[in-house]
Structures are given as C-alpha cells and as structure tokens.
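Okay, so here's the structure we're looking at.
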C-alpha cells in the first residue's frame with residue numbers, strides 16, 4: 001500500500017497518486033466486466049436492468065464502508081450513483097429498460 005507519509009516531495013506524491021489512479025482504472029474495468037456478466041445472467045432470468053432495491057443495497061454498503069474507512073460517505077455515494085447509472089444504462093442497451101423489482105425472484 002502506498003503511504004502518503006513516505007512521500008518527501010510533490011514528485012513522489014504525484015507518482016503515488018498516478019499509481020493509485022492506474023489501480024482505480026483497472027478495478028473499474030474489472031467491475032465493468034462483472035456488469036457484462038450481470039447482463040448475461042439478467043437476460044437469462046428475465047430480470048430488468050434496474051432493480052431499485054439492489055441499487056440502494058449497493059449504495060448503503062458503499063456508504064458504510066466509506067464511513068468505516070474515514071472517507072466522506074456523501075462523496076462515495078455520489079460517485080457510486082454515477083457508476084451505477086452508467087452500469088444500468090449499459091445493461092439496458094442489451095436487456096431492456098424495465099425498472100422494477102421482479103416478483104418471486106431474488107436478484108443477486
């Protein structure tokens with residue numbers, strides 16, 4: 001893990017930030033790959049792109065993790081809602097735009 005306290009100057013600090021940004025981009029790509037798989041599974045089960053209860057579950061978990069880590073939960077909620085909306089838009093282009101909870105099925 002990169003420790004900002006070990007950075008003796010702005011050059012070192014910026015290098016660490018750049019490395020973190022690369023890691024974040026890679027993790028976002030991995031998350032997008034999981035969304036691709038969600039598209040396949042939702043299509044197979046007849047589920048809509050947007051499942052409101054799941055959206056709120058994800059946001060709640062991210063807020064809690066942020067608070068536990070000392071990061072502003074409002075910041076992460078805003079970022080995640082944008083990420084979730086992007087993901088759902090991507091799903092909707094493939095499986096449809098239905099917005100509903102699916103009776104009798106519990107989406108994962």
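Read the figures in this text as sums done on the coordinates, not as results from a lab. Just so it is clear, the model here is predicted, and its values are computed rather than measured. Please note: Cβ atoms are built from the backbone with ideal geometry, for glycine as well, and neighbour counts cover all protein chains shown.
A few remarks follow.
- Crossing angle, helix 10-45 versus the chain [Cα axis fit, 0-90 degrees, rounded to tens]: 10
- Cα-based shape type of the stretch 9-95, given that a ≥ b ≥ c are square roots of the gyration tensor eigenvalues and the cut on a/c is 1.5: oblate
- A helix-only calculation puts the chain at -25500 deg cm²/dmol for mean residue ellipticity at 222 nm, using -39500 (n - 2.57) for each DSSP H run of at least four residues, averaged over all residues.
- Ranked by how many other beta carbons lie within 10 Å on average, peptides 59-71, 2-14 from highest: 59-71, 2-14
- Relative contact order (%) - criterion: Cα under 8 Å, at least six apart; region: the chain: 33
- Averaging Cα coordinates gives a centre for the stretch 59-88 and one for the stretch 11-52; these two points are 13 Å apart.
- Highest GNM mean-square fluctuation among 45, 16, 74, for the chain modelled with Cα contacts below 10 Å: 16.
- Ranked by the mean number of other Cβ atoms within 10 Å per residue, highest first, peptides 83-89, 24-30 order as 83-89, 24-30.
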